[in-house]
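The values are calculated or read from the model by the stated rules, or taken from the named source; none is laboratory data. Just so it is clear, the model here is predicted, and its values are computed rather than measured. Note that each Cβ is placed from the backbone with ideal geometry, even for glycine, and that neighbours are counted across all protein chains shown.
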Amino acid sequence: MARSITVIPANQSLISAAEGSPKIKKLRMAAYCRVSTDRDEQLLSYENQLRYYREYIENNPMYEFAGIYADEGITATNTKKRDEFNKMIEDCRNKKIDRIITKSISRFARNTLDCLNYVRELKALGIGITFEKENIDTLDSKGEVLLTILSSLAQDESRSISENTKWGIRRRYENGEYGISTKRFMGYDIDENGKLKINKAQAKVVKRLYTEYLNGKTVDYIKRIFEREGVKNWNGEAKWQVSTLKSMLENEKYKGDALLQKSYTADFLTKKRTKNKGEMQMYYIEESHEAIISPEIWECVQLEMKRRAEYMKKYSLKCYSRNTEKNPFASKAICGECSGL
């Protein structure tokens with residue numbers, strides 16, 4: 001005998017009387033925005049994103065505004081330097097957010113691994129991400145498949161942009177064109193045409209450094225002299241590092257030349273810079289700008305640095321000269337028989 005099943009609907013009036021009108025819980029919606037450069041048109045887009053998402057969330061009765069997380073002028077190839085992004089993920093872990101909306105996958109991340117890891121972590125927490133441009137909901141069963149494909153394309157786009165940028169830089173190098181920041185470069189400023197011009201006050205410090213070194217003082221000794229006398233560095237502080245002074249002694253720009261591509265970006269994802277030891281082509285421009293140190297003096301300093309290095313190696317010294325302030329003959333008097341100090 002066939003069974004007969006009848007569905008008896010709930011009495012809505014009884015539910016209303018007993019429990020009151022049912023309420024739909026609003027989702028706490030957050031938005032993530034980012035622009036990758038500090039150009040005016042990009043910053044305008046950034047402001048538009050902020051305004052759009054605030055209005056979008058606040059005007060939707062299904063959502064409760066949970067904030068806008070926005071990183072300005074930061075690259076998306078990795079998430080380590082994106083403070084707002086990391087704060088948003090932490091708030092998700094602390095259950096302050098139910099859902100995230102963002103413009104596109106490339107705004108969220110261009111690193112496929114990062115993108116998928118965060119999407120899966122948030123999905124495990126029950127938090128979905130809506131990518132507007134691609135029309136992807138990560139809580140949807142098909143969402144991750146599409147996300148994997150599209151995030152891989154976004155990563156490849158980032159690689160392509162990086163390669164095009166490198167190509168453009170090399171073409172400028174070949175034409176003798178280059179840009180340099182003088183924020184931590186002692187002795188020079190940038191003029192209205194983007195060229196190096198001598199900062200006379202700082203140039204005096206550079207000249208003194210070269211003179212003191214050729215007079216026999218060590219870099220560490222010069223550092224102590226500068227700090228004791230209150231000689232100011234590029235930040236206006238009387239604090240110096242031995243490595244900085246040594247780098248200044250080796251910098252060919254002080255004699256008016258420029259060696260380009262001393263370092264390069266080894267990985268477009270991590271943006272890690274690596275010292276160029278011959279892996280990449282370099283470009284040397286003679287008389288690129290006005291010199292602070294004559295080429296002859298600069299070459300003498302390089303020969304003296306080489307001589308001291310060979311001297312230290314020959315006599316197994318850890319430093320070229322010790323306690324020179326108290327004893328000017330320290331590390332210089334060598335036994336004629338045993339070559340000991």
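Annotation note: Cβ proximity below 6 Å between a residue of the range 158-184 that is modelled with pLDDT of 70 or more and a residue that is assigned to a loop (DSSP other than H, G, I, E, B) (sequence gap 6+ or interchain) occurs for R159/F268; R184/W234.
Yes/no matrix, rows are residues, columns are (1) under 30 Å from W167 (Cα atoms); (2) at pLDDT below 95:
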position: I190; (1), (2): yes, yes
position: N193; (1), (2): yes, yes
position: G216; (1), (2): no, yes
position: A238; (1), (2): no, yes
position: K246; (1), (2): no, no
position: M282; (1), (2): yes, yes
position: I285; (1), (2): yes, yes
position: H289; (1), (2): yes, yes
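Give the residue, chosen from L147, L113, L153, that is touching a Leu at 6+ places or on another chain (Cβ under 8 Å), modelled with pLDDT under 75 and either surrounded by 14 or more Cβ atoms within 10 Å (Cβ to Cβ) or assigned to a helix (DSSP H, G or I) (or both). One residue alone meets the criteria, L147. Taking the range 196-297 and the helices (runs of 4 or more DSSP H) fully enclosed by it, the elements with 2 or more residues that are hydroxyl-bearing (S, T, Y) are at 200-214, 242-250.
Using beta carbons and a limit of 9 Å, which pairs, at least six apart or on different chains, have the first residue in the range 235-255 and over 18 Å from E304 (Cα atoms) and the second one among the acidic types (D, E)? Here the result reads A238/E227; A238/E229; K239/E227; W240/E227, each pair linking the range 235-255 to a residue that is among the acidic types (D, E).
Out of the residues in the range 27-42 that are modelled with pLDDT under 90 and not acidic (D, E), which is farthest from E64 (Cα to Cα)? Checking each candidate, the answer is R39.
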